[in-house]
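Student: Input: one structure, supplied below.
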Ligand SMILES: [Zn+2]
């Protein structure tokens, strides 16, 4: 679960990964792609740019969470 001692950057990354995971769950159980439902309609041409930006951010957030772990700012103000 989200830890209240995390910094803002890690909280945002966690939320993005959470959104991606929930979206995949919805696709698996209900064949419902929520990101596509919300953003697919405002895509520019066939590229679905806003939708792909969300996917890219989710991917980056996952990589960030894996590679960076918890930063100094996460540790509740300890110096
Ligand atoms: Zn952090």
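Student: I need the full set of residues from the stretch 25-49 which are modelled with pLDDT of 85 or more and either surrounded by 12 or more Cβ atoms within 10 Å (Cβ to Cβ) or not in a helix (DSSP H, G or I) (or both), in order please.
Tutor: Those that are modelled with pLDDT of 85 or more and either surrounded by 12 or more Cβ atoms within 10 Å (Cβ to Cβ) or not in a helix (DSSP H, G or I) (or both): 25, 26, 27, 31, 32, 33, 34, 35, 36, 37, 38, 39.
Student: I would also like to ask the following. Just checking, does the stretch 50-61 include any residue being within 16 Å of the ligand (Cβ to nearest atom), at negative phi and modelled with pLDDT under 95?
Tutor: Checking the stretch 50-61: at least one residue is within 16 Å of the ligand (Cβ to nearest atom), at negative phi and modelled with pLDDT under 95.
Student: Under 6 Å by Cβ, and 6 or more places apart or on different chains, what pairs join a residue from the stretch 1-30 that is without any contact (Cβ under 8 Å) to a residue 12 or more places away in the chain with one that is surrounded by 14 or more Cβ atoms within 10 Å (Cβ to Cβ)?
Tutor: So the pair list comes out as 26/34; 27/33.
The values are calculated or read from the model by the stated rules, or taken from the named source; none is laboratory data. For clarity, every value in this text was computed on a predicted model and none was experimentally measured. Don't worry about glycine lacking a Cβ; one is built from the backbone with ideal geometry, like all the others, and counts go over all protein chains shown.
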